[in-house]
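Asker: Dropping the structure in here first, questions after.
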Amino acid sequence: MTRQPDLIADVSEILLTEEEIQAKVRDLGRRISDDYAGRALTLVSVLKGSLPFMADLMRSITIPVQIDLMEVSSYGGTATETSGLVRILKDLSSSIDGRHVLIVEDIIDTGLTLNYLVRYLRGKNPASLRICALLDKPARRLVEIPIDYRGFLIPDQFVVGYGLDYGETYRNLRFVGVLRPEVYTADPD
Ligand code: PRP
């Protein structure tokens, strides 16, 4: 029988509290507002994991900004490992030609998703292209990614919450927590 997730019991440790996350997002919003003042800025968020971060970050930015959403998925791999091959499920809605683009990501793990996205978006002729990532997990990095705005460095643990999922669950937690290993080792999916 498929195991029923338990949002609280399945988390062994809170890595980042709601307050810590919100303080960091406000700080990132201030820095981005200063750095991009007077420029045509588009935030490009990568669904679905970045949804809460994008929603909070854009409201911490005090200059005019446009937003766009992409959704990508990696081909194959398992629920906890990325394969490196990226497929676009939802593309940009508007042109970014001549605009300053900031990619908004929840987590950089191997770096393969962003490595692909950066090359893809560069081909659309933005005035500049930078990266804002809430979480940076460098232990698993396979390709070097320059992170212009980084929220938190995190250890090599499987984290969920604030947008991050396991099996599409746990995204609605307001904090980032460590998922108990027995949750993903016991699951045949
Ligand atoms: C997660 C996350 C990043 C990517 C990072 O997305 O949102 O896009 O993985 O991993 P990488 O650095 O190893 O490429 P995921 O594919 O799990 O989709 P989701 O955002 O819908 O959860």
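Asker: Considering only 21, 108, 88, give the residue with the highest GNM mean-square fluctuation for the chain, with springs between Cα atoms whenever their separation is below 10 Å.
Answerer: Result: 88 has the largest fluctuation of those listed.
Asker: Averaging sequence separations of C-alpha pairs under 8 Å and six or more residues apart, then dividing by the length of the chain, give the relative contact order as a whole percent.
Answerer: Details: 357 pairs, mean separation 45.8, N = 189.
Relative contact order, the chain: 24 percent.
Asker: Still on this structure: Treating each Cα of the range 104-152 as an identical point scatterer and ignoring solvent, apply the Debye formula and state log10 I(q)/I(0) at q = 0.15, 0.27, 0.29 Å⁻¹.
Answerer: Taking Cα atoms of the range 104-152 as identical point scatterers yields -0.36, -1.05, -1.16.
Asker: Follow-up. Please state the charge dipole magnitude for the chain, taken about the Cα centre, from unit charges on C-beta atoms (+1 on K and R, -1 on D and E), reported in debye and rounded to the nearest 20.
Answerer: Rounded to the nearest 20 debye, it is 720 debye.
Asker: Kirkwood Rh over alpha-carbon pairs of the chain, then Stokes-Einstein at 4 °C and 1.567 mPa s: what D in µm² s⁻¹, rounded to an integer? Don't skip to the answer; put the middle values down first.
Answerer: On the way: Rh = 17.1 Å.
Translational D for this selection: 76 µm²/s.
Asker: Going by how many other Cβ atoms sit within 10 Å of their own, how do 95, 33 line up, fewest first? Before the final figure, lay out the partial values.
Answerer: Working: 95 12, 33 15.
Starting with the residue having the fewest Cβ neighbours, the order is 95, 33.
Asker: Within the set of other residues whose C-beta is less than 15 Å from the C-beta of residue 95, count the net charge using Lys and Arg as +1 and Asp and Glu as -1.
Answerer: Cβ neighbours under 15 Å give a net charge of 0.
No value in this document is a laboratory result; all are computed from the given coordinates. Nothing here was measured: the structure is a model prediction, and the numbers come from that model. Cβ: placed from backbone, ideal geometry, glycine included. Neighbour counts: every protein chain shown.
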